[in-house]
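Below: one structure, written as structure tokens.
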Amino acid sequence: MTVAQLLDELMKMPRDAVVLMESGGGLSRVSTLDFFDADGPGAPAEVILLPSTDE
């Protein structure tokens, strides 16, 4: 999924909905994200969603 595809899907959701991700057999809130530039020819840039550690 690209960032554009993710944004398209998120635009269909209520703005105050909480974003969760599967984490070790359960669900965790997404607390932040990391961005990594493309690493080499033909490699895409990457966005990694990171779960909250407060749960």
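Miscellaneous remarks
- Charge-dipole axis of the chain as Lys and Arg at +1 and Asp and Glu at -1 on Cβ define it, positive-most pick from MET13, MET1, ALA43: MET13
- Inter-label distance, nm, simple model (7 Å from Cα along the C-beta direction), ALA4/VAL19: 1.9 nm
- Summarised in one figure, the compactness ratio Rg/Rh of the chain, Cα atoms and Kirkwood Rh, is 1.03.
- Residues whose amide H comes within less than 5 Å of that of SER31, counting only those at least five positions distant or on another chain, are LEU50, SER52 (H built at 1.01 Å from N in the peptide plane).
- In the chain, helices alone account for a calculated mean residue ellipticity at 222 nm of -4000 deg cm²/dmol, with every DSSP H run of four or more residues adding -39,500 (n - 2.57).
- The charge dipole of the chain, taken about its Cα centre with unit charges on the Cβ atoms of Lys, Arg (+1), Asp and Glu (-1) only, comes to about 220 debye.
- Once the 1.4 Å probe is applied to the protein heavy atoms, the chain comes out at 89 Å² accessible per residue.
The values are calculated or read from the model by the stated rules, or taken from the named source; none is laboratory data. What you are looking at is a predicted structure, and each value in this text was computed from that prediction instead of being measured. Positions of Cβ are generated from backbone atoms using ideal geometry, with glycine treated the same way; all protein chains shown enter the neighbour counts. These accessible areas exclude ligands, DNA and RNA; they are computed on the full protein's heavy atoms, side chains included. Shrake-Rupley method; radii C 1.70, N 1.55, O 1.52, S 1.80 Å.
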